[in-house]
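Nothing in this text is a laboratory measurement; each read-out follows from the coordinates by a stated rule. What you see is a predicted model; the values in this text were computed from it and never measured. Virtual Cβ from ideal backbone geometry, glycine too; neighbours counted across all protein chains shown.
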Amino acid sequence: MNKTITTLLATAALGFASLAHAIDFDLKDPKGVNNIVFLLDAPLESINGTATGITGNVSFDPAAPEKTAGKVVVAVDSLSVANPKMVEHMMGGKWLDAGNHPEIVFELSRLSDLSGDGKKVKGTAHGTMSIKGTSKEISVPVSISYLEGMLAKRQRTPGDILVIRSNFTISRSDFGVNAGESEDKVADEVELRLSIAGFAPQDS
């Protein structure tokens, strides 16, 4: 009897171990849908735009979401607003200096204050944001949905999808982006809305 129980426990342990593993999700979207919306609401002008040049990866384990890690990389030259002259200024040396600092990077180190299950979790993402050569530790709210086996419905490829959503605010002055200048037209506070997904194709 004891031998039977021991065998069953060992089998169960192996089963759980096989389920608990991190999946690597690629943030480069073949359909080009991933985007980050940015909004600046100054007294004289309200500016909103999008960034679409998103790459990076996220490692996610449905059995241990607190261990989630990864990197989100945004190509600065993919940032766009409706006014072409504003885009020209935004890419220039006083602002984002795209020529010398072509990427904005957020490196995720961990998640905390999690709620939900392995399929859908909400919590706080902790990591390092780097803009224009300045890096700062930040913590932002995040929701993550693990869509097992749903990649085939999106792009006819077997695999999984990881949907990531986050809304938060940063200050451009914290990152040396023309700090203290033109705040009547270009707000210091920048609201960011992330709508991105990662993709983990499976070998057929």
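How large is the helix-only mean residue ellipticity at 222 nm for the chain, computed as the sum of -39500 (n - 2.57) over DSSP H runs with n ≥ 4, divided by its residue count, in deg cm²/dmol to the nearest 500? Numbers along the way, then the final one.
Values: 3 runs with 31 residues, N = 204.
Computed ellipticity for the chain at 222 nm equals -4500 deg cm²/dmol.
Residues with beta-carbon under 10 Å from that of TYR146, excluding TYR146: net charge, scoring Lys, Arg +1 and Asp, Glu -1?
Details: positive: LYS119, LYS120; negative: ASP61, ASP117, GLU148, ASP160.
Charge balance near TYR146 sits at -2.
Could you list LYS71, LYS136 so that the one with the fewest beta carbons within 10 Å of its beta carbon is first and the one with the most is last?
Sorted ascending by nearby Cβ count, the order is LYS136, LYS71.
What is the extension gain from ALA64 to MET150, computed as 0.36 nm multiplied by their sequence separation minus the C-alpha to C-alpha distance, in nm to one decimal?
28.9 nm
Tell me, how many Å apart are the Cα centres for segment 125-204 and for segment 105-122?
Their Cα centres are 13 Å away from one another.
Note down the net charge around LEU114, summing +1 for each Lys or Arg and -1 for each Asp or Glu among other residues with Cβ under 12 Å from its Cβ.
Overall, the nearby charge balance is +1.
Tell me, what are the semi-axes, in whole angstrom and largest first, of the equivalent ellipsoid of the chain as set by the roots of 5 times the Cα gyration tensor eigenvalues?
For the chain, the ellipsoid semi-axes come out as 40, 18, 13 Å.
Give the calculated FRET efficiency between THR169 and ALA82 to the nearest 0.05, with a Förster radius of 30 Å applied to their Cβ-Cβ distance.
Values: r = 22 Å, r/R0 = 0.72.
Efficiency, from the Cβ-Cβ distance: 0.90.
Would you mind ranking ASP26, ASP160, ASP41 so that the residue whose beta carbon has the fewest other beta carbons within 10 Å leads the list?
Ranking ASP26, ASP160, ASP41 by Cβ neighbours within 10 Å, fewest first, gives ASP41, ASP26, ASP160.
Which order do the peptides 102-109, 85-92 come out in when sorted by mean C-beta neighbours inside 10 angstrom, highest first? Could you put the intermediate results ahead of the total?
Numbers: 102-109: 17.0, 85-92: 14.8.
Output ranking for 102-109, 85-92: 102-109, 85-92.
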